[in-house]
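A.B. asks: Structure in structure tokens, see below.
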Amino acid sequence: MTAPTVPPARTTRALEARRQKTAAGLSRIKDVLDQMVKTRAPITMAAVARTADVSRTFLYEHADARALVEEATNRAAGRRVHDRQAVQDELEASWRERALNTEAALKSAHAEILAQREQIAELIGQVRDLRSEWSQEDVARIITDNGNLKRRIRELTAEGKSLTGKLSAARENVRFADKRIADLEVQLTERTASP
């Protein structure tokens, strides 16, 4: 007994339908892989199959699908290497700039220290010159004035701390008032909106 034969037209239609389904699957896989490479998502067979709505078997057994996945994996790996290199270059540039800035600041600080030393030496010389011209009463008066100025500095420092505390409390009160006003505006809006 012979097996039933399938009409050639029906076989041609079935093969064409299968080719179209394969082409559509490959197109979806390519789109999904392009998107994964663009968004830097990890490329796995499971993720590609799920997103492209194809079976893992199709991905493993179809040579074109497997080639698309391998090519995308290679592109993603190359992009990761490029990204890491870009980050490393950016870090190196940042450190290089910091080093240059630090070097410039160090030179400036050395110049400032040298200028301060020269000024201190000059002022010490002036003090020695003036000390010989001052009487004991002048020295006592200057010491008293210096003590008074130090006491006034302490008073002003304490007053500044007190004012800073008051300013901080006032800012906190303003923030609380702003929040309360916003809450009341919301409640008012809700009441006017409801019939």
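The values are calculated or read from the model by the stated rules, or taken from the named source; none is laboratory data. Fair warning: this is a prediction, and the values are worked out from it, not measured in the lab. Cβ sites come from the backbone with ideal geometry, for glycine too, and all protein chains shown count toward neighbours. Accessible surface is based on the protein model in full, side chains and every heavy atom, while ligands, DNA and RNA are left aside. Shrake-Rupley method; radii C 1.70, N 1.55, O 1.52, S 1.80 Å.
A.B. asks: Looking for something of a type in the set (A, V, I, L, M, F, W, C), open to solvent by 100 Å² or more (accessible area, probe 1.4 Å) and at pLDDT below 85 - is there at least one such residue anywhere in the stretch 133-150?
C.D. replies: The first filter runs over the stretch 133-150 and keeps only residues of a type in the set (A, V, I, L, M, F, W, C), leaving 134, 139-140, 142-143, 149.
The next check asks that each one be open to solvent by 100 Å² or more (accessible area, probe 1.4 Å); those that pass are 134, 143, 149.
Going one step further and asking which of them are at pLDDT below 85, we end up with 134.
Yes: one or more hits.
A.B. asks: Mind checking whether some residue in the stretch 109-116 is open to solvent by 90 Å² or more (accessible area, probe 1.4 Å), of a type outside the set (D, E, K, R) and within 35 Å of the chain's Cα centre (by Cα)?
C.D. replies: First pass over the stretch 109-116, keeping only residues open to solvent by 90 Å² or more (accessible area, probe 1.4 Å): 110, 112, 114.
Cutting the leftovers down to of a type outside the set (D, E, K, R) gives us 110, 114.
Retained after the next criterion (residues that are within 35 Å of the chain's Cα centre (by Cα)): 110.
Yes, that holds for at least one residue.
A.B. asks: Which of the following residues is at negative phi and in a loop (DSSP other than H, G, I, E, B): V54, V48? Working first, answer last.
C.D. replies: Details: V48 fails: in a loop (DSSP other than H, G, I, E, B).
None of the other options fit; the residue is V54.
A.B. asks: Whether any residue in the stretch 50-67 is over 16 Å from A23 (Cα atoms), crowded, with 17+ Cβ neighbours inside 10 Å and among the small types (G, A, S) is what I want to check.
C.D. replies: no
A.B. asks: Let me ask you something else. Inside the stretch 174-195, can you point out the residues that are within 33 Å of the chain's Cα centre (by Cα) and either of a type in the set (F, W, Y) or open to solvent by less than 100 Å² (accessible area, probe 1.4 Å) (or both)?
C.D. replies: V174, F176, A177, D178, A182, D183
A.B. asks: Okay, next question. Among the numbered criteria (1) out of contact with any Ser or Thr (no Cβ under 7 Å at 6 or more places or on another chain); (2) modelled with pLDDT of 85 or more; (3) closer than 27 Å to R84 by Cα, which one does A46 miss?
C.D. replies: Going through the list (1) out of contact with any Ser or Thr (no Cβ under 7 Å at 6 or more places or on another chain); (2) modelled with pLDDT of 85 or more; (3) closer than 27 Å to R84 by Cα, A46 breaks only (2).
A.B. asks: While we're on this one: So for the stretch 75-90 (the condition being under 21 Å from A24 (Cβ atoms) and either part of a helix (DSSP H, G or I) or open to solvent by 90 Å² or more (accessible area, probe 1.4 Å) (or both)), does at least one residue qualify? Even if it seems obvious, please write down each step before you answer.
C.D. replies: Of all residues in the stretch 75-90, those under 21 Å from A24 (Cβ atoms) come to none.
No - not one qualifying residue is present in the stretch 75-90.
A.B. asks: Please tell me if A63 is more than 25 Å from D31 (Cα to Cα), of a type in the set (G, A, S) and free of Cβ contacts under 8 Å to residues at least 60 places away in the same chain. Give the steps one after another, and end with the answer.
C.D. replies: Values: more than 25 Å from D31 (Cα to Cα): no; of a type in the set (G, A, S): yes; free of Cβ contacts under 8 Å to residues at least 60 places away in the same chain: yes.
No: the conditions fail for A63.
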